[in-house]
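Working notes, structure below.
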Amino acid sequence: MDMHTVVVGTSGTTADDVVAVARHGARVELSAAAVDALAAARLIVDALAAKPEPVYGVSTGFGALASRHISHELRAQLQRNIVRSHAAGMGPRVEREVVRALMFLRLKTVASGHTGVRPEVAQTMADLLNAGITPVVHEYGSLGCSGDLAPLSHCALTLMGEGDAEGPDGTVRPAGELLAAHGITPVELAEKEGLALLNGTDGMLGMLVMALADLKNLYTSADITAALSLEALLGTDKVLAPDLHAIRPHPGQGVSADNMLRVLAGSGLTGHHQDDAPRVQDAYSVRCAPQVNGAGRDTLDYAAVVAGRELASSVDNPVVLPDGRVESNGNFHGAPVAYVLDFLAIVAADLGSICERRTDRLLDKNRSHGLPPFLADDAGVDSGLMIAQYTQAALVSEMKRLAVPASADSIPSSAMQEDHVSMGWSAARKLRTAVDNLARIVAVELYAATRAVELRAADGLVPAPASQAAVAALRAAGAEGPGPDRFLAPDLAVADTFVREGRLVAAVEPVTGPLA
């Protein structure tokens, strides 16, 4: 077994394992303990299925139709039917990494031994992941309650050899053809298995885990760009002193201040706020960067706690308990995950907003303390970064709309049986857009700040060694420095990739040491 294999046991999984499987194609194996737990739980379900008394999910209909007792000869059809009927998604396809996370997290819960699914079904789920077969899942179809029903149903449909899926070569084909090509036998679902494959928060949880990984990088990147902007604006780094942040001991605030202070170490630009254009204090967007960035960091930490709890959970209804009971429950409700997804959209919007305010300050000759208008080479003939800031402002405005919480809404369904839902899937989908936009916003500030730092250096002021490293790495990546106007979109795209891939952080850490 190598480092690229993730072993699924009975006690949940980790965020790192989710990312490894979803994004990096790690192989999946079931532990021996998981296989034993699956088999033991299945014996309980089989025993209940043989009894004349109705048991929800085993020998009854579902949701508002749970009052009907289903005879033995119709139960296999019942399981097929729930998958087929619930695979009712619409809209664009969901990204491959999201679907892989969804599949892996459902397998995680199945492997817990609390769902009653047979070992061979779980093994087929692992086989699909390992073969690189990705079901076609659509944007719309989940209300975030009773699980991400439609998305998970499209995945279960592929297990049955029905519907469409994408092969490892990226081509969409009928699922039956793909399974046959990889030697995978379609699953024939038995009692409870159709329901168990559909009833979880796996889609919203997978998107939360990946957003947290992306936001960790973006928050560190934003600390760096804030430091570069402070430096370019000849601000003071005295506001970053550890003793100032110790008297307001929010953990994230102290971390962001420390990151910024390390980036600015050795700068010849900071502390000039009393020179040619005296000012008592720097603007809030500069002075309060650790407070804003830090509050977001603390929100990320809370969201990671919630994600960790959910990663350790077995979410299904009904569940098989160790004493042999099969009990209905409400653990499938997505509220805990939905709330933090919305919290993250709010803090991402605010981080984008403060980044944009610093960019605007860098471009305004009345507030930039000696920098040329719009950082242009020959202002008037050249427009410089004027419209780069427009693009950034448009993204910030979109971020504010995306920050409106989805989880504050609920729309009743299933003949009022499911009368309060979380909308967690919707919260996750808009957060993915917000994270993408935040990377672009941070990239625009980086592009402006590095140009401004270079202009200061041309005037004889020496930037911090970490700043010089950031500038050199961005230029080496293909984003050009100061000069006459040119086609700007390619440079901004380079900066976006540079930030998104973590290369900004990697560029400065050899100078600063590891940043948090």
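The values are calculated or read from the model by the stated rules, or taken from the named source; none is laboratory data. A quick note: this is a predicted structure, and the numbers were derived from the prediction, not measured. Quick reminder, even Gly has a Cβ in these numbers, built from the backbone with ideal geometry, and neighbours come from all protein chains shown. These area figures cover heavy atoms from the full protein model, side chains too; ligands, DNA and RNA do not enter into them. Shrake-Rupley method; radii C 1.70, N 1.55, O 1.52, S 1.80 Å.
With +1 on each Lys and Arg Cβ and -1 on each Asp and Glu Cβ, and nothing else charged, work out how big the dipole of the chain is about its Cα centre, in Debye to the nearest 20.
Working: 42 positive and 60 negative charges, 91 e Å.
That gives a dipole near 440 debye.
Counting only protein heavy atoms and a 1.4 Å probe, tell me what percentage of region 104-217's accessible area is made up of carbon and sulfur. Kindly include the intermediate steps, with their values, before the conclusion.
Working: 1510 of 2950 Å².
About 51 percent, which is the carbon plus sulfur part of the accessible surface.
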Fill in: Listed residues 111, 257, 69: farthest to the positive end of the dipole of the chain (Cβ charges)
69
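How big is the charge dipole of region 301-380 about its Cα centre, in debye rounded to the nearest 20, if each Lys and Arg gets +1 on its Cβ and each Asp and Glu gets -1 on its Cβ? Mind showing how you got there, number by number?
On the way: 7 positive and 12 negative charges, 55 e Å.
For this selection, approximately 260 debye.
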Fill in: the chain: angle of helix 289-311 to the longest principal axis, Cα-based, in degrees nearest 10
10
Worksheet entry | Segment residue 386-residue 69, length gained on full extension (0.36 nm per residue, minus Cα span) | 107.3 nm
Item to complete: Express in nm, to one decimal, how much length is gained between residue 462 and residue 420 on full extension, taking 0.36 nm for each residue of separation and deducting their alpha carbon distance.
Response: 9.2 nm
Worksheet item: Using 7 Å Cα-to-Cβ label points, what is the residue 401/residue 216 separation (nm, one decimal)?
Response: 3.2
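Among the trypsin sites (Lys or Arg not before Pro) in region 460-516, which ones are in a DSSP loop with at most 11 other Cβ atoms within 10 Å of the Cβ? Mind listing them?
Values: sites: 475, 486, 500, 503; in loops: 486.
In loop regions of region 460-516 (DSSP not H, G, I, E or B), the sparsely surrounded trypsin sites (Lys or Arg not before Pro) are 486.
Mind giving me the FRET efficiency for residue 40 and residue 472? R0 is 60 Å, r the Cβ-Cβ distance, nearest 0.05 is fine.
On the way: r = 60 Å, r/R0 = 0.99.
It comes out at approximately 0.50.
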Discussion item. List the residues, sorted by chain then number, that are 5 or more residues from residue 12 or on another chain and whose placed amide H is less than 5 Å from its amide H.
Written reply: none
Response to the item:
If each K or R counts +1 and each D or E counts -1, the residues other than residue 117 whose Cβ falls under 11 Å of its Cβ total 0
Discussion item. Taking 0.36 nm per residue of sequence separation and subtracting the Cα-Cα distance, how much length would be gained by fully extending the chain between residue 329 and residue 238, in nm to one decimal?
Written reply: 27.3 nm
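Using a probe radius of 1.4 Å on heavy atoms only, what accessible surface per residue do you get for region 45-194? Whole Å² is fine.
Solvent-accessible surface per residue comes out at 37 Å².
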Worksheet entry | Degrees separating the helix 489-500 axis from the principal Cα axis of the chain, which is the longest one | 60
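By per-residue mean of other Cβ atoms within 10 Å, what is the highest-first order of 84-92, 334-342, 129-137? Please list the in-between numbers first.
Working: 84-92: 15.2, 334-342: 25.3, 129-137: 21.7.
Listed from highest to lowest mean packing, they are 334-342, 129-137, 84-92.
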Item to complete: Could you tell me how many degrees, from 0 to 90 and to the nearest 10, lie between the Cα long axis of helix 15-24 and the main elongation axis, the longest principal axis, of the Cα atoms of the chain?
Response: 90
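State to the nearest 20 debye the size of the charge dipole of region 271-423 about its Cα centre, where the only charges are +1 on K and R beta carbons and -1 on D and E beta carbons.
Here region 271-423 has a charge dipole of around 380 debye.
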Worksheet item: Summing -39500 (n - 2.57) over the DSSP H runs of n ≥ 4 in the chain and dividing by its residue number, what mean residue ellipticity at 222 nm do you reach, to the nearest 500 deg cm²/dmol?
Response: -18000 deg cm²/dmol
